[in-house]
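Presented below is the structure to which this report refers.
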Amino acid sequence: MTTEETEETDGADGADGADGADGADGLGGTGDSDARAPVPRGKVTITDIARRAGVSVPTVSRVVNGRSDVSPETRARVEDLLRLHGYRKRPAAAPARAALLDLVFNDLDSPWAVEIIRGVEEVAHAAGAGTVVSAIHGRSGDAREWLRNLRARASDGVILVTSALEPTLHEQLRILGVPLVVVDPTGSPAFDTPTIGAANWSGGLAATEHLLSLGHRRIGLIAGPPRLLCSRARFDGYRAALEAAGLAVDESLVVPGDFHPESGFTGCNALLDLPEPPTALFAASDQMALGAIEALRRRGLRVPEDMSVVGFDDLPEVRWSAPPLTTVRQPLADMGKLAVRTVLRLARGEHPDSPRVELGTDLVIRASTAPPPPTH
């Protein structure tokens with residue numbers, strides 16, 4: 001018996017198991033009086049209509065579903081009976097839609113991204129949602145391709161990580177009705193979109209204050225890309241700590257970086273080439289800190305005996321670096337977890353408790369920092 005055989009008025013179970021028709025279109029019909037005899041309300045099925053019309057159940061199903069392969073005379077007779085007996089087609093069940101989230105990075109070439117993914121996957125899996133991870137590399141062509149794919153897979157929500165929220169992209173997501181959460185926004189949020197970040201300013205402040213408390217006064221900084229809000233906040237925290245200690249920022253001690261090890265290596269070498277190098281270094285990411293430690297090692301300098309180094313992120317590998325790295329712990333996995341919870345709430349039509357969330361950072365002291373070497 002097909003699904004159509006059991007369709008009925010008001011959803012009651014009116015299938016009787018046999019159509020009583022001879023299966024041929026327009027043959028073997030019952031008398032007109034029998035055809036127009038009333039059927040108890042709530043019990044009108046395709047089987048009933050087929051019996052009264054003298055046709056097969058599939059024929060009535062074709063009429064109900066608007067198929068063209070039915071003769072005009074038969075169609076008219078079936079439609080008349082459908083109207084007479086108040087038959088209503090049961091609404092088709094909505095297709096099952098797998099819960100699916102899009103997690104979009106600018107780049108995926110960092111252990112930092114892995115920590116975000118780990119947090120996202122943990123909560124998404126527990127919620128029965130799948131995750132599609134993409135990288136758009138800051139290129140408009142990649143963003144357009146991702147948007148086409150997003151339309152095709154009908155995601156329930158998007159988590160955008162450290163990527164600029166372009167007006168066009170934001171508008172397209174709005175039109176599609178796809179909830180959006182931004183993690184670690186690149187700049188000040190310009191749209192009514194929930195954001196999740198970390199307390200970067202207080203992290204930069206804590207890292208610099210730690211070095212000051214050890215007695216360091218010449219503290220170098222390998223900064224992150226200035227276009228990123230998190231980079232500027234970490235630099236501002238560094239500046240605030242120095243100024244609170246009565247020290248002006250020495251611009252020669254601030255070198256640019258891009259959060260990758262190579263820029264840490266290059267930046268540290270530039271600081272070591274100064275007539276008076278710093279005694280301590282704050283790198284605005286763990287990977288840059290590891291690059292700086294390698295530069296020191298190649299020059300025959302020891303950490304922390306010759307220079308103290310502090311990083312930012314607390315990636316898993318820095319616990320095993322030589323020496324283990326003092327760093328600012330950024331709750332990357334927790335940021336991913338909260339992003340999933342927020343976007344799923346939006347998908348349910350709920351509102352987040354706060355549109356702007358900053359999770360706390362913590363200084364983790366290990367073996368890469370010590371008082372400055374004695375002067376001779």
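Structural remarks
- Spatial separation of Cα centroids for the range 228-302 and the range 311-342, in angstrom: 19
- Applying the Karplus relation 6.51 cos²θ - 1.76 cosθ + 1.60 with θ = phi - 60° to the range 277-283 yields 3J(HN,Hα) values of x, x, 9, 8, 9, 10, 9 Hz, where x marks Gly and Pro.
- A 1.4 Å probe run over the range 209-279, with the rest of the protein chains in place, finds 45 Å² accessible per residue.
- Distant-in-sequence amide H partners of GLY220 (H built 1.01 Å from N, under 5 Å): THR279, ALA280, LEU281, PHE282
- Theoretical gain in end-to-end length, ARG329 to GLU305 [0.36 nm per residue, Cα-Cα removed]: 6.3 nm
- Values of log10 I(q)/I(0), in the order q = 0.31 Å⁻¹, for the range 218-259 under a Debye, Cα-only, solvent-free model: -1.13
- Tensor-based shape of the range 231-301 (alpha-carbon gyration tensor, a/c under 1.5 rounded, otherwise prolate or oblate): oblate
- VAL132 long-range amide H proximity, modeled H, under 5 Å: LEU101, ASP102, LEU103
- In terms of accessible area, using a 1.4 Å probe and ignoring ligands and nucleic acids, PHE265, PHE282 rank largest first as PHE265, PHE282.
- Whole-Hz Karplus values for the range 324-340 come out as x, 8, 6, 7, 9, 7, 9, x, 4, 5, 5, 5, x, 4, 5, 4, 5 Hz, taken residue by residue from phi with 6.51 cos²θ - 1.76 cosθ + 1.60 and θ = phi - 60°; glycine and proline positions read x.
- Gyration tensor (alpha-carbon) shape descriptor, the range 315-359, a/c threshold 1.5: prolate
- Other-chain or far-sequence residues with amide H under 5 Å of GLY197's (modelled H): ASP184, VAL357, GLU358, LEU359
- Heavy atoms of TYR87: accessible area, 1.4 Å probe, square angstrom to 10: 30
- Per-residue accessible area (protein heavy atoms, 1.4 Å probe) orders TRP320, TRP146, TRP112, TRP201 as TRP320, TRP201, TRP112, TRP146, starting from the largest.
- Figure note: ILE365, ILE159 ranked by solvent-accessible area, largest first, 1.4 Å probe, ligands and nucleic acids not counted: ILE365, ILE159.
- For the range 197-349: rounded, prolate or oblate by the Cα gyration tensor [a/c cutoff 1.5]: prolate
- What the Cβ-Cβ distance of ASP250 and ILE365 gives, at R0 = 22 Å and to the nearest 0.05, is a FRET efficiency of 0.35.
The values are calculated or read from the model by the stated rules, or taken from the named source; none is laboratory data. Note that the structure is predicted; figures quoted are calculated from it, not measured. Methodologically, a virtual Cβ is constructed for each residue, glycine included, from the backbone with ideal geometry; neighbour enumeration extends over all protein chains shown. Note: accessible area is taken over every heavy atom of the protein model, side chains too, but ligands, DNA and RNA are not part of it. Shrake-Rupley method; radii C 1.70, N 1.55, O 1.52, S 1.80 Å.
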